[in-house]
Amino acid sequence: MDNKIVKAVFPGSFDPITNGHLDVIKRGAKLFDEVIVAVGRSPIKNPFFTPEERVEMIKKVVADIPRVTVESYDGLTVEYAAKIKANVMLRGLRNLTDVQYEFQLAMTNRAVAGIETVFIMTSEEYGFVSSTMIREVAVLGGDVSKLIPAEVYEKLKEVLKNRPKDINCSY
Ligand code: ADP
């Protein structure tokens, strides 16, 4: 068997990184030679954190995981993957809705760039956790401390201080 280095890129918005993402990163780090967590810089709807803040937070929470690095990127994910010579796309799956979307994305990425996608199934305890849900609950004053890393929770509290706690507020 040839001893090919497998460099996996884990792309996403990570607004913010959750314990679900972190679990995928930790498990991916056991499977691959390198994992690059890649924060997409393309605009998302009502972001909570800037790409720089997201990168900074992720760097803190993955600092102790060997072979994991964090970057941000512009434009097409497959072009970025080619640029950094990643040979696998890493994605997480939580439910059938994810499967439907991710299946199409993986097929498209393989068709346009010939890159394979490897999926890691969520851990049961994080199957319901999404960044969107974290933002929605947090903005209405809910306690999300068990669902995101402690450093991220601290940063989230700071951001929330400057935002109105209002049901009509679309974060
Ligand atoms: P995107 O904006 O591209 O959906 P996200 O930041 O939401 O990116 O997620 C990046 C990847 O992490 C996606 O593959 C998503 O399915 C996966 N993911 C998100 N939350 C979880 C979770 N709780 N468990 C497993 N995978 C997850």
Rounded to whole Å², per residue accessible area for the chain with a 1.4 Å probe reads 58 Å²
Listed residues Phe32, Phe49, Phe103; largest mean-square fluctuation, Gaussian network over the chain with Cα springs below 10 Å, found at Phe103
Looking only at lysines whose Cα falls under 17 Å of Lys26's and that sit 8 or more positions away or on another chain, we get Lys7, Lys59, Lys60
1/(1 + (r/R0)^6) with r = Cβ-Cβ of Gln100 and Val6, R0 = 22 Å, i.e. FRET efficiency to nearest 0.05, evaluates to 0.25
Stokes-Einstein D for the stretch 7-161 (25 °C, 0.890 mPa s, Kirkwood Rh from Cα pairs), in µm²/s, comes to 155 µm²/s
With +1 on the Cβ of every Lys and Arg and -1 on the Cβ of every Asp and Glu, the dipole magnitude of the stretch 7-161 about its Cα centre, in debye rounded to the nearest 20, is 180 debye
Residue ranges of DSSP H helices in the chain that stretch 24 Å or more (Cα, own long axis) and have mean Kyte-Doolittle hydropathy of at least -0.5 are 96-113
Highest GNM mean-square fluctuation among Val118, Val62, Val137, for the chain with Cα springs under 10 Å, belongs to Val137
Expressed as a whole-number percentage, the relative contact order of the chain with C-alpha contacts under 8 angstrom and at least six residues apart is 27 percent
About its Cα centre, the stretch 39-100 carries a charge dipole, from +1 on Lys and Arg Cβ atoms and -1 on Asp and Glu Cβ atoms, whose size in debye to the nearest 20 is 140 debye
Within the under-12-Å Cβ sphere about Ile84, not counting Ile84, Lys/Arg +1 and Asp/Glu -1 give a net charge of 0
For the stretch 1-91, the percent of all C-alpha pairs falling in each 5 Å bin, from 0 up to the bin holding the max distance, is 3, 14, 27, 24, 19, 8, 3, 1, 0, 0
With a 1.4 angstrom probe the carbon and sulfur portion of accessible area for the chain, in percent, totals 54 percent
Loop-resident trypsin sites (Lys or Arg not before Pro) in the stretch 1-66 with no more than 13 other Cβ atoms inside 10 Å, DSSP not H/G/I/E/B, are Lys4, Lys45
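The values are calculated or read from the model by the stated rules, or taken from the named source; none is laboratory data. Computed from a predicted model, the values in this text were never measured in an experiment. Quick reminder, even Gly has a Cβ in these numbers, built from the backbone with ideal geometry, and neighbours come from all protein chains shown. With ligands, DNA and RNA removed, areas are computed over all heavy atoms of the protein, side chains included. Shrake-Rupley method; radii C 1.70, N 1.55, O 1.52, S 1.80 Å.
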